[in-house]
Amino acid sequence: MFVGGQWRLASGGEHIDVIDPVTEKVVGQVPAGTAQDVDDAVRAARAALPGWAATPPARRGAVLAAVRDLMAARRADIVATVQAELGAPAAFAAAVHTDMPTAVMGTFADLAAEHPFEEKVGNSRVYQEPVGVVGAITPWNYPLHQIVAKVAPALAAGCTVVLKPAEDTPLVAQLFAEILAAAGLPAGVFNLVTGLGPVAGQALAEHPGVDLVSFTGSTAVGRRIGAAAGGAVKRVALELGGKSASVILPGADLPRAVNVSLANVFANSGQTCSAWTRMLVDAERYDEAVELAAAAAAKYRPGERLGPVVNARQRDRVRGYIRKGAEDGARIVAGGPDAPEDLGTGYYVRATVLADVEPEATVAQEEIFGPVVVLIRYQDEEDALRIANGTVYGLAGAVWGPDEETAVAFARRMDTGQVDINGGRFNPRAPFGGYKQSGVGRELGAHGLAEYLQTKSLQF
Ligand code: NDP
């Protein structure tokens with residue numbers, strides 16, 4: 001763990017094994033942090049806060065730019081680490097798990113320098129000041145991206161941070177701590193406590209010395225963290241689950257829409273909170289879409305294009321959902337709950353397409369977090385909108401229309417935070433976050449930075 005600029009072991013002397021999901025072998029060990037370790041880290045962050053908050057934003061941006069450059073320089077190490085602890089295929093580990101967070105770090109290096117931290121409003125001068133000490137709790141699905149999406153804006157804002165990364169993927173967090181220190185970040189500004197969620201995570205979320213808790217993960221844990229933050233009247237940002245819809249409207253390019261939607265779902269073995277896990281197709285072209293989806297899914301071979309899921313528990317959970325879908329009447333047209341042939345080891349789940357799924361079925365309502373897509377038939381646009389908006393979630397989505405205007409009109413009526421129009425590209429500066437139970441707050445870009453700022457006005 002990295003506390004107050006020093007590497008140390010857990011105060012309780014315990015450790016956690018880190019397992020490679022491909023080989024099922026232990027690839028590393030990290031300290032299992034205790035409440036005492038969290039307390040030490042929060043104290044270090046509080047002690048470092050006045051100095052970092054008073055550092056000119058442009059100087060903070062320069063440190064973040066150095067971090068970005070070091071991330072780029074250590075690209076091969078990051079790729080190897082994420083491959084080892086998450087099992088991601090090499091090309092995906094490089095492009096998405098490494099280059100994307102490096103680019104995001106760059107956006108906050110720029111934003112720190114560009115952002116108007118001070119403005120005049122009539123006879124007032126309004127200052128945006130750092131919220132204080134941030135407790136960041138991150139999941140394993142995009143280990144480095146999730147960390148950077150919280151730590152970079154927090155540091156740009158002038159906050160100090162204690163990070164508790166996921167127990168399945170703590171090694172890249174250690175590498176990141178090394179990079180921050182090498183980039184010249186003062187001691188105590190960033191602290192890392194590895195450990196278990198209900199121990200180190202909970203201690204961090206409930207620590208009175210933490211001013212803002214930023215959490216990404218399951219809705220169940222997020223709800224608990226939100227309740228504790230409410231009780232303490234403390235700021236909280238929650239990035240939770242999703243059950244996003246890819247809506248293919250009449251007149252859209254069907255093969256492209258189906259192929260891109262499947263690529264979105266199966267990327268990262270389906271472990272993406274914003275994945276378009278429900279595909280909505282009009283009754284007229286539904287059968288054609290099912291055929292296209294089944295053919296495309298067959299190309300995602302486990303062990304090649306499709307990596308494993310993170311651990312045995314997730315594998316069993318995802319397979320359980322596939323079985324439940326079939327029991328509830330879905331037709332398995334690709335993949336299925338059985339282990340892939342020829343793969344004796346690794347936590348693999350086959351790329352699965354469930355057709356003829358009712359909008360209210362469990363597999364169409366709950367976040368599965370594996371390579372599983374459900375195909376739902378709709379009758380007309382109003383029906384499509386009702387289905388698209390018919391879950392407790394509202395994180396992302398896609399609309400495929402005959403033209404941009406039609407797709408945008410539909411997207412504006414969706415209860416969701418981010419929608420890609422006719423295959424629109426990922427934008428690292430666009431606000432990311434959810435409507436409804438998908439969360440509270442936004443990450444990335446200027447909106448993400450704003451989460452870590454509080455405002456003060458002086459009147460003259
Ligand atoms: P969790 O919500 O349990 O984990 C997310 C983070 O929270 C981890 O760092 C975890 O630590 C920590 N944590 C766990 N319990 C507590 C607690 N009581 N107090 C504070 N922190 C805690 O997700 P899981 O890993 O269990 O995944 C389960 C499901 O959650 C997935 O199948 C998926 O549906 C959803 N999920 C959604 C994500 C998203 O991006 N929106 C990401 C990950 C999961 P530890 O790693 O030690 O458990």
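The values are calculated or read from the model by the stated rules, or taken from the named source; none is laboratory data. Note that the structure is predicted; figures quoted are calculated from it, not measured. Neighbour counts are summed over all protein chains in view; Cβ atoms, including those assigned to glycine, are modelled from backbone coordinates with ideal geometry. Quick note on the areas: whole protein, heavy atoms, side chains included, nothing else; ligands and nucleic acids left out. Shrake-Rupley method; radii C 1.70, N 1.55, O 1.52, S 1.80 Å.
Quick rundown of the values:
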item	result
Lone qualifier among V349, V363, V373 - being closer than 22 Å to G424 by Cβ, in contact with a Gly (Cβ under 9 Å, 6 or more places away or on another chain), β-branched (V, I, T) and within 16 Å of the ligand (Cβ to nearest atom)	V373
Selection count, region 185-217, where residues are without any contact (Cβ under 8 Å) to a residue 40 or more places away in the chain and touching a Gly at 6+ places or on another chain (Cβ under 7 Å)	0
Any pair with Cβ under 9 angstrom, 6 or more apart, that starts in region 353-366 at a residue that is among the polar types (S, T, N, Q) and ends at one that is in a helix (DSSP H, G or I)	T362/Y321; T362/K324; T362/G325
Region 138-158: number of residues that are touching a His at 6+ places or on another chain (Cβ under 8 Å) and more than 16 Å from the ligand (Cβ to nearest atom)	1
Residue count, region 107-150 (criterion: charged (D, E, K, R) and in contact (Cβ under 8 Å) with a residue 60 or more places away in the chain)	3
Subset tally (residues that are of a type in the set (V, I, T) and either open to solvent by 60 Å² or more (accessible area, probe 1.4 Å) or out of contact with any strand residue (DSSP E or B) (no Cβ under 6 Å at 6 or more places or on another chain) (or both)) for region 1-35	6
In region 170-190, the residues that are open to solvent by less than 10 Å² (accessible area, probe 1.4 Å) and within 15 Å of the ligand (Cβ to nearest atom)	P170, V172, A173, F176
Residue within region 273-285 that is on the phi > 0 side of the Ramachandran plot, more than 16 Å from the ligand (Cβ to nearest atom) and either without any contact (Cβ under 8 Å) to a residue 12 or more places away in the chain or surrounded by fewer than 16 Cβ atoms within 10 Å (Cβ to Cβ) (or both) present	no
Only one of G423, G448, G439, G433 that is open to solvent by less than 40 Å² (accessible area, probe 1.4 Å) and over 14 Å from the mean Cα position of the chain (by Cα)	G423
All positions within region 196-228 that are within 19 Å of the chain's Cα centre (by Cα), within 12 Å of the ligand (Cβ to nearest atom) and not in a helix (DSSP H, G or I)	L196, V213, S214, F215, T216, G217, S218
